[in-house]
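To start, the structure under review is shown below, and the notes come after it.
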Amino acid sequence: MEPFPSSTLLLVSSFAALSLACLLSIPTALAIARRLCRRGPPEFQCTDAYHDEDGGVTEESSRSFSDTWQRVALVVSSIVGLTASLVILLSSWRPIGHQEVASLAAESGIWVFVFLQAAALSIERSPTRRFELSSYVAWTAVLTLLTPALGIGLAILNHSTSSMSEKGILLLQARSAQLVAAIACIACSILIPRRPDVFYDGRLVDRQATVSAWGNFSFGWATELLRQVARNPELGLRDLPELPHVARSDVLLAHLEQRRTKGRSNMLWRILLATHWSPLLRQMLLGVLSALVSFGPQVALFGLLKGLEDRDNSLSGAPTAGNLPSPWLWVFALASLMLLNALLGARLSWMVQSEIGIPVQAELVSMVFAKSMRLGDPSARSSLQSKTSDDGKGQRDAGGQHSVVNLAAVDARRIADFASSQYLVSASLVQLLVACGLLFSLIGLESLVAGLAVAVLITHLNTLLTRGLSRVQSGVMTATDSRIAALAECFRGIRQVKFSALEKQWEARILHRRETELARLWIAVRYRVALISVWVFFPIVMSAVSLTVYALVHGTVTASVAFTAMSVFSNLDVALSSLPDVLSRAAEAIVSLRRIQDFLDSPEKKQNVTTRSRNSTISLRDATLAWPASGGEGKPRQDRSLLSNVSLTFPPKGLTLIAGRTGCGKTLLLTSILGDCNIVSGAVNISSPPTARERHDEFATPGKWVIDTALAYVSQNPWIENATVRDNITLGLPYWDSRYREVLFATSLEKDLDMLPDGDLTDIGANGVNLSGGQKWRIAFARALYSRAGTLVIDDIFSALDAHTSRHVFEHGLAGDIAKGRTRILATHHIGLCLPRADYCVILDQGRVQHAGSVDALATTNIISHLGLSADETGEKDDAEDQKPASLPSDGPADSPSHSQERSAVLPRFVEDEGRATGSSTWTLYASYLRGGRRGVVPWALAVLGFVVYTILMIGRSLWMAVWTGSTADNRRPEQHALLLAVPHDEHIFALPSDLVNSNLSMDSGDHPGRLAWYIGIYVAISAATCVMGAARTMLLYAAALDSSRGLFENLLHTVLRAPMRWFDTVPQGRIMNRFIADMSLLDTRLGLDLLFGLGRSLELVGIAATTALVCPPLVLPAIVFLALCMRLGSVYLVGAREIKRLESVARSPIFEQFNSCLRGLTTIRAFGLAEKYVGLMHGKVNDYSRASWYLWLLNSWITLRLTLLVALFSTVTAGAVVHMGSIPAPAAGLILSLVFRYNLTMVQAVKQWANLEMDMNAAERVVEYAGVTTENQGGKEVPAAWPTEGLLEVEDLVSGYAPELAPSLNGVSFTILPNQRVGIVGRTGAGKSSLALALFRFIEARSGQIRIDGIDISSIRLEDLRSRLAVIPQDPVLFSGSLRTNLDPFGQLDDAQLYEALESVSLARPTEEEEEAGVFPGLSTFVSEGGQNLSQGQRQLVCLARTVLSRPKILVMDEATSAMDMETDALIQKSLRSEFGCNATTLLVVAHRLSTVADFDRIIVMDAGKVVEFGSPRTLMGISGGNFRSLVMNSGEREHLQQVILGSDT
């Protein structure tokens, strides 16, 4: 026989391979030509110059990069292969025919191309081009394998090797050597690295585009990360490599916005599809290919078993099929197909996340944030319109910051999850078609049609369930929004909640919304369970129906038919069981897309100006102004929210005052300058402010600092970032020491910085929680003075400052040298202080401009006195006017922008970095989760019982099928069906002992119709019970998971609401909300699924292992070895993945924190022109989160590939052993291999599921962490119901501080206040006035000394009793969303008459004929937005005062409660206080900077440096020569008035 009988086939394949090799060599030829034609220096001479879009190389990475040995080995291997091919050609020239010679010559030609391509690598200087060319070398080398491999395969297939001549054997050996050379070429080619390690911003960039092709395909670059984590479990986000360019948030957002602006459609789903169509298409194609390959092991196993069956028949003398391929060929095919399946699965899981899931989430979060920076209503103001429900109570605001955060935290994630899993739909459809083809050939048309009829019904049911789930999911998201809204509002106003002891009420309100959310979530769970049940038990029902019809048609059913059909249906189970999750995600994604689309379509800030002037003049012409409408664009809130017919021109580089009564529209006028209000008619002409890019702040110098057209803004509620004092003032500008010191002096911050622990490098909490009100205002003003703005827009900076500080700030700041030459527009009630130095004055009243002109013109009118505004705050010039800026310690170059950051790195931070646990989750954590529900572990015990029963039913179903098929064992004929035991995915093949199978019970069911009905009936009953129990176990597990989630939420909420105020000050709200949003969302939905699949796979594994030990004991030891290897890989993976999962959780909090911070300060950010800067900062935070997700999925793909390769190896070795032994019959071999394959796959799934569970328990870990924070002491004795009855307040040697490690803020304070006295507390900023108020409410506990109220030590009673019996009106008033009625009477205990009476007492209500006056609410149903942001600062203070009037406390503390009111309103309030809280009814303590507020009080407490320096009546203190109080009075602008009030006729 000839050595190679199929010479024609070899010839065709050889020349086809030669043609492909020629085509593959074209890029090499072009590279050589390009290199030879280049006359100048090469494009890339050394790795030092390498730079691409990802980053650039460093000296170290350049030195370490080398691919020399790969290129040398490649050239050597190509020479060896070429030499071997020439030797074979010359040796075979004469003995063989012309066709063989031609094919050998073609092979030699291919090797010539391989050599040329390898040699071309040596002259190419660019590493990336060498990498590209090496891929062509690899593919060409693969072609050199095809012809020899085909020849060897044909020889083995045709059994020709036994009759070969000695020459033929020698040639076969030569070809084998040639194969080794080709394999070496391939190996060297795929081991060539692509580029040196590149760095971006000093961090190593992800090495996916750096490593070789082999490293890329095997995820080899993740191994070093695992080693790094093992060495350092406490690594941080900075230790993770940087993302590649295409995955960075800024790049993704730019591409998405480009599509959005240039596309024809503005629909978000179309934009996402157009942006990501390429990876989505690749994902779908790869998914379909993976689905097709998934049937490959079944086909290979069919061929293997059929070959073994044919061998058994030939040994027994039975007829054989003949001419079947060798079983060893099928073993090789099995190994190849399983290897391909493993590679495709791992690559697919990585691609769907790295190219779709992670980028889509990052760009959506960035897009939501960028949109929030352009919102048309930056202050979240809502109309003062009545939003009245049927019961007359105002509805709560559904919008606000929390909804925006929820879009980024939840909706973006859900869209990304669906986008990364949608390929499963097409893959499942392909698997369905392939399975139908196999079933048609196996069970016939009748049975298949019956099964497909069931499939049609199930599909229709699935459609109905999916639609229902989509509707329910929308309700779930609405309920979640409502719950998050309540949480966000509660935490934002936590001070007021604690001051008023409203923790229980807010807890009940939030839990009510939580129960609504859980109720809707439970409905969604039932839909999900129904979907899971439909698709998981779809194979069970189809197999039951199909096999029943088959048995009825054929009168019997054999084991080969039964188990083959069941295995194919099981393969469908794997394909279709993922559909419920995908469809559930689709329903969620549709809802989320609509929500984000609505947000993106919301009105943006418009450029209100009709004319752009290049000078700094600002003017309004017949302008009618209104706040942005909450209900729609272009609709004013109400007529009373308008400023009508405004015409005025602000003098350039002059000081303009805007004055008027509380609520008259001063802030609205300022907002028109910023462009954040609606211009109903008329025109606003302002200068064109430069963008941050146009300003080039990094190149600013003192000589070219102020830009006339730039703006700066100081809001009524100062916005302070979580950063150092210096960073808050410079706000990203270069640090110039001289200017900085001048600003500190002008704002009187020098003494304050001396008192701070680290001076101007002291870390400030979010919103300035560790600063006094005056300090926050002055830091915000210092920021405006330090800025480059030529126009300063300032909203009343004097309200929280004492008289001395106010004068200093005005003289040296607002009217000082640093402000000269800048346009200053100030809204204030302190016109007496500012008027003498003003250039222009605007008086507003009743929505109109009463006066706009010079100060001299104003003096000729009586407008000021008519409106009750005081212009008498003149007085003497401050002695500090002639002072010079005090020198600050200099720690580096004055112009170094980064030196403050360098120092702050070693200083203690007020807000510490978020901590995280390390190591594996403890059993204590699991116990806390399982016992966290209301019903303890009972629901979990029921769920486990349900899983056990389900597993027993599945085993019983398989056993009964074995008994049934065993009844026809004696009548089976080999030719009826070849045994096809395909790889089962969700079924157990259990073998029974032969005596049971062939016992007398086994009768030919075809001869006994009753017996057939018996078998069918029992089988159908068990199948039905399996379906029911499967749904029940899922429902039980979900119920247990939701019960634990409910309990953990309740514990978390209860603990957090009772945490000390210091904890809220030092823990950013974003971290807290992260627990309540992202972590609780995972506990609500995903952790239950983790437990479901983990527990199910584990029980399944136990069943398979027990059956394997029973059927084939020799497999036990190899199975244990395989288990040990899987567990080892799993433990290595888990060590790294668990820590990176924790990093991912930690990385979410900064995103939430920046959302909250920037939305609070949006007006300020936009006024300074820094919106782009904060979008850039958000990109960095999103990249941090994406980086953690990126490496988490990288490790997931790493473990997936290795586990599936281990499965392929073990399965192949087992199949090879079965073939090699030769004595195992085909049915037994099929059973053994089925058990092994199922054991392998179940082991892999179990390892991954428990790893996922361990990582997702991180959410429970974080929730349990905050549920265990130290709370305020809730214990103490009960006080009498009427306590306090007198209002006697005694403070004795009180020493207290904000934290044990900090210096005391009150030091030896002692005084006694008699019942019903009115006491004023005065002193310079930072003297300890507010600390004393906090001590009365035990926000700061006494270190020593006592505070007694009516003789009872307040430290011995319950906090709730103390705080609920006292009342406070804080300096920064807090209102909650709802109506005016719900803010005044949150529990509906009072009637309207009482509410109106309280409003009238604080001048918020007037008789009907006076209702048109400014500041008057239209009714009790007036809508109040979140935080009361639709009201002015003064109006909020008045509402809080009215709320206090209704409570009628025995002791009332007012902390600058009238600071934002005009003089007339303040005087009216003081009169009301005397009438409401006088007459021996209330002990009143008032913290005041405006001395006129407390001038006629019974006693005055003067504080300084945390001590009481003076205490007595105002008259007594005025008589102390050189006294502090006397000094305050004499330095006040109201000196004469105060003396008249205090001394009366004696003056």
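Using only Cα atoms, what Kirkwood radius does region 474-542 have, in angstroms?
On the way: mean 1/r = 0.0705 Å⁻¹.
That comes to 14.2 Å for region 474-542.
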**OP:** Mind ranking Ser290, Ser14 by accessible surface for me, highest first, 1.4 Å probe?
**Re:** Ser290, Ser14
Original post:
If ligands, DNA and RNA are left out, what is the accessible area of Glu100 with a 1.4 Å probe, given in Å² to the nearest 10?
Top reply: 30 Å²
Original post:
Quick one: if the Förster radius is 41 Å, what FRET efficiency do Ala177 and Val288 give, using the C-beta to C-beta distance and rounding to 0.05?
Top reply: 0.55
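Given +1 on the Cβ of Lys and Arg, -1 on the Cβ of Asp and Glu, and no further charges, what dipole in debye does region 1254-1387 carry about its Cα centre, rounded to the nearest 20? All intermediate terms of the calculation are to be shown ahead of the outcome.
Details: 12 positive and 18 negative charges, 129 e Å.
For this selection, approximately 620 debye.
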Original post:
Based on the Cβ-Cβ distance of Glu515 and Leu945, what FRET efficiency does E = 1/(1 + (r/R0)^6) give at R0 = 30 Å, to the nearest 0.05?
Top reply: 0.65
Original post:
What residues of region 123-141 lie in the reach of a label at Ser62, counting those whose backbone N is under 15 Å from a point 7 Å from the Cα along Cα→Cβ?
Top reply: 126-127
Original post:
Considering only protein heavy atoms, what per residue accessible area in square angstrom results for region 1058-1163 with a 1.4 angstrom probe?
Top reply: 30 Å²
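Could you provide, to the nearest whole Å², the per residue accessible area of region 636-735 with probe 1.4 Å? Provide the component values of the computation, followed by the final result.
On the way: 3350 Å² over 100 residues.
Averaged over the residues of region 636-735, the accessible area is 33 Å².
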**OP:** Using Cα pairs closer than 8 Å and at least 6 residues apart in sequence, work out the relative contact order for region 745-797, in percent.
**Re:** 37 percent
Original post:
Say the cut-off is 20 Å between C-alpha atoms; which of Lys371/Lys1181; Lys751/Lys1173; Lys498/Lys1450; Lys751/Lys776; Lys751/Lys1329; Lys605/Lys776 go over it?
Top reply: Lys751/Lys1173; Lys605/Lys776
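Determine, from the Cβ-Cβ distance of Ala119 and Ser91 and an R0 of 30 Å, the FRET efficiency 1/(1 + (r/R0)^6), rounded to the nearest 0.05.
Details: r = 26 Å, r/R0 = 0.86.
So, using R0 = 30 Å, E works out to roughly 0.70.
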Subject >> In Å², nearest 10: area of His1220 left accessible to a 1.4 Å probe >> reply: 140 Å²
Original post:
Looking at the P(r) of region 716-857, how many percent of alpha-carbon pairs lie beyond 22 Å?
Top reply: 38 percent
Original post:
So how long is each side of region 622-758 along the principal axes, counting just the alpha-carbon atoms, biggest first, in Å?
Top reply: 49, 34, 30
Original post:
Heavy-atom accessible area of Glu1100 with all protein chains present, probe 1.4 Å, nearest 10 Å²?
Top reply: 10 Å²
Original post:
When the solvent-accessible surface of protein heavy atoms is calculated with a 1.4 angstrom probe, in what order do Glu1290, Glu224 fall, highest first?
Top reply: Glu224, Glu1290
Original post:
Give me the log10 of I(q) over I(0) for region 1296-1410 at q = 0.17, 0.20 Å⁻¹, as the Debye formula computes it from C-alpha points; what are the numbers?
Top reply: -1.04, -1.21
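So how much slack lies between Lys751 and Arg1343, counting 0.36 nm per residue of separation and subtracting their Cα-Cα distance, in nm? Walk me through the numbers on the way to the answer.
Numbers: separation 592, 0.36 × 592 = 213.12 nm, distance 2.60 nm.
Length gained, Lys751 through Arg1343: 210.5 nm.
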Original post:
So, in Å, what gap is there between the alpha-carbon centers of region 1050-1110 and region 1269-1326?
Top reply: 41 Å
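The values are calculated or read from the model by the stated rules, or taken from the named source; none is laboratory data. Because the structure is a prediction, the values reported are computed rather than measured. Positions of Cβ are backbone-derived with ideal geometry, glycine not excepted, and every protein chain shown enters the neighbour counts. Please note that ligands, DNA and RNA were not included when accessible areas were found on the heavy atoms of the full protein model with its side chains. Shrake-Rupley method; radii C 1.70, N 1.55, O 1.52, S 1.80 Å.
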